[in-house]
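One structure below.
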Amino acid sequence: MVLVHMNSHTYYIQAPLTIKSPPSNNKFKIPEALYLITPIKDTEHFMVSAFIDHRLDGVIRVISIINRNSLQPLYCVHCSAEQVCKTVHTEVQIHSDHFSFPYGASDVICKGRHMQNATHVLITDKKDSADLKMEYLPIKNKAVQETFKFNFTVCISNLFGDYNNVLQFAQTMEMYKLLGVQHVVIYKTGCGPDLKKLLKHYETEGILEIVPWPIDQFLNPASGWNIKHHKGDIQYYGQLVTLNECIYRHMYQSKYVLLNDIDEIIMPYKHTSLPSVMEDLQSAHPNIGVFLIENHIFPKTQFEESGKFKRAEWNNIPGVNIMEHIYREPSRKNIYNPTKMIVNPRKVQQTSVHSPLKNFGGSFHVPFNVCRIVHVRVPLQRRITKEQLVVDKRVWDFEQELIQNVDQTLKRSGFLKASS
């Protein structure tokens, strides 16, 4: 018998067993899941994506969504290209951050030896379920890579509803390009019609990867993190699931991954670009894999007085013009500023929104004067006056190239006429 720990529950299940493989047929392919969210048959759980974790002796890690109120033994069926399938026991690790919602981001770890030849995996509640008619997940990260396609990837965890902030998104994307980002990933459930058009432009250009995230077709996702105010099955459209998925997806694709929201810019203040700031930070802290960046709010209700960036060309573009909002809310004594992260994905095992849950090598809180987040949004400190806000014109240092590139993007995506 084998012990399996699931959160605070312990189950006894059978040791690994090999299922007799079906006759070999070169034309037959193991059926793969069509979407990123796949129900685990006869359970209330879902599997998302599967990866080899080379840091943990090559186990198969299946990022999953588990109903914490409906725990049960789960098994892992992994199959090779020759359709030889084995069923092994699992360890279900429900992430400690679930904000008390019934469903939480989880890892189903497939235990066992000789899994390096596995190409597909299925999570099931049946210990003899090597059914090649079911939808399997392809296993990614099969090989360790030492060189990466991208230096910097931004993971934007959730886009949903009718969000249509075209101008701020264009400015943010162009700002990230100037800062040295080559790749942006958005997990998309929905958005407004104008933003959809802009997303298509960036996708065609090649910098943007859109990952469909149809969580609303399977669960009732909450639109916030506080279960008292936002009812639903899972926190903020499954934000924690997508952040973890993005890290593993880019484990061997990107040197660094930035984990932040669609309206946030991780901005270096002592350096001109992200590569230069990370070179200095990494050389000073060679074993650190997680760099925590303070979030600072620039209220969109307060405008720069000269109006120098209130451009007529942008008047009819939906959204916020971040260049008009240079007033930053002051830090408050004894009040913690939330952080977002720049991570080496190979050093992270599990993450939450503001800090990692499990990682290798520790984390470092980057000083405010070195790098901080420019976050133009509704005010948090609602009672302070404009005079109490701090003038912060860092975005203006990029004004010439930023305006030129935003205009070019708006023309190419059909929001501005070419003669504008």
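The values are calculated or read from the model by the stated rules, or taken from the named source; none is laboratory data. What you see is a predicted model, and the numbers here were worked out from it, not measured in a lab. Heads up, the Cβs are rebuilt from the backbone with ideal geometry, glycines too, and the neighbour counts pull from every protein chain shown. Ligands, DNA and RNA are excluded from the accessible area calculation, which covers all protein heavy atoms including side chains. Shrake-Rupley method; radii C 1.70, N 1.55, O 1.52, S 1.80 Å.
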- Being in contact with an Asp or Glu (Cβ under 6 Å, 6 or more places away or on another chain) and surrounded by 14 or more Cβ atoms within 10 Å (Cβ to Cβ) narrows GLU324, GLU294 down to just GLU324
- Filter result (within 14 Å of GLU324 (Cβ to Cβ) and either under 25 Å from the mean Cα position of the chain (by Cα) or open to solvent by 50 Å² or more (accessible area, probe 1.4 Å) (or both)) within the range 367-405: VAL374, VAL376, ARG377, VAL391, LYS393, VAL395, GLU399
- When the range 41-55 is checked residue by residue, the ones that are touching an Asp or Glu at 6+ places or on another chain (Cβ under 9 Å) and among the small types (Gly, Ala, Ser) are SER49
- Among the residues of the range 273-302, which ones are more than 19 Å from VAL348 (Cβ to Cβ) and touching a Gly at 6+ places or on another chain (Cβ under 9 Å)? SER273, PRO275, SER276
- Item | Residue count for the range 329-366, restricted to those that are charged (D, E, K, R) and open to solvent by less than 30 Å² (accessible area, probe 1.4 Å) | 2
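Out of the range 60-93, which residues are of a type in the set (Val, Ile, Thr) and open to solvent by less than 20 Å² (accessible area, probe 1.4 Å)?
Our first condition is that a residue be of a type in the set (Val, Ile, Thr); within the range 60-93, this holds for 60, 62-63, 65-66, 77, 84, 87-88, 90, 92.
Scanning the range 60-93 gives ILE60, VAL62, ILE63, ILE65, ILE66, VAL77, THR87, VAL88, THR90, VAL92.
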- Message: Take the residues in the range 395-420 that are among the aliphatic types (A, V, I, L, M) and in a loop (DSSP other than H, G, I, E, B); name whichever of them is modelled with the highest pLDDT.
- Response: LEU416
- Does LEU243 fit the bill of being among the hydrophobic types (A, V, I, L, M, F, W, C) and under 19 Å from the mean Cα position of the chain (by Cα)? yes
- Using beta carbons and a limit of 7 Å, which pairs, at least six apart or on different chains, have the first residue in the range 148-164 and small (Gly, Ala, Ser) and the second one part of a strand (DSSP E or B)? SER157/TYR187
- Could you tell me whether the range 146-158 includes any residue that is in contact with an Asp or Glu (Cβ under 9 Å, 6 or more places away or on another chain) and either surrounded by fewer than 15 Cβ atoms within 10 Å (Cβ to Cβ) or assigned to a loop (DSSP other than H, G, I, E, B) (or both)? no
- The lone condition LYS197 fails out of (1) under 21 Å from ARG249 (Cα atoms); (2) open to solvent by 50 Å² or more (accessible area, probe 1.4 Å) is (1)
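Just to verify a result, which residue in the range 298-315, among those that are open to solvent by 20 Å² or more (accessible area, probe 1.4 Å) and in contact (Cβ under 8 Å) with a residue 60 or more places away in the chain, is nearest to PHE160 (Cα to Cα)?
First pass over the range 298-315, keeping only residues open to solvent by 20 Å² or more (accessible area, probe 1.4 Å): 300-308, 310-313, 315.
Then drop every residue that is not in contact (Cβ under 8 Å) with a residue 60 or more places away in the chain, which leaves 300-302, 311, 313.
Numbers: LYS300: 21, THR301: 23, GLN302: 26, ARG311: 29, GLU313: 28 Å.
Restricting to residues being open to solvent by 20 Å² or more (accessible area, probe 1.4 Å) and in contact (Cβ under 8 Å) with a residue 60 or more places away in the chain, the top hit is LYS300.
Within the range 97-128, can you find the residues that are closer than 22 Å to ARG55 by Cα and in a loop (DSSP other than H, G, I, E, B)? Working first, answer last.
Here is the first cut: in the range 97-128, the residues closer than 22 Å to ARG55 by Cα are 105-123.
Residues satisfying the conditions are LYS111, GLY112, ARG113, HIS114, MET115, GLN116, ASN117.
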- Query: Within the range 175-186, restricting attention to residues that are assigned to a loop (DSSP other than H, G, I, E, B) and of a type outside the set (S, T, N, Q), which residue is surrounded by the fewest Cβ atoms within 10 Å (Cβ to Cβ)?
  - Reply: GLY180
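Go through the residues of the range 272-287 one by one and say whether even a single one is more than 19 Å from ARG394 (Cα to Cα) and either aromatic (Phe, Trp, Tyr) or surrounded by 21 or more Cβ atoms within 10 Å (Cβ to Cβ) (or both). Break it down into steps so the answer makes sense when it comes.
Within the range 272-287, the subset more than 19 Å from ARG394 (Cα to Cα) is 279-287.
Narrowing further to those that are either aromatic (Phe, Trp, Tyr) or surrounded by 21 or more Cβ atoms within 10 Å (Cβ to Cβ) (or both): none.
Looking for residues that are more than 19 Å from ARG394 (Cα to Cα) and either aromatic (Phe, Trp, Tyr) or surrounded by 21 or more Cβ atoms within 10 Å (Cβ to Cβ) (or both), one finds none in the range 272-287, hence no.
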- Can you confirm whether the range 244-261 contains a residue that is over 30 Å from ARG383 (Cα atoms), open to solvent by less than 50 Å² (accessible area, probe 1.4 Å), among the aromatic types (Phe, Trp, Tyr) and in contact with a strand residue (DSSP E or B) (Cβ under 6 Å, 6 or more places away or on another chain)? yes
- Query: Quick one: which strands (runs of 3 or more DSSP E) sit completely within the range 187-305 and have at least 3 residues that are touching a helix residue (DSSP H, G or I) at 6+ places or on another chain (Cβ under 7 Å)?
  - Reply: 254-259, 264-268
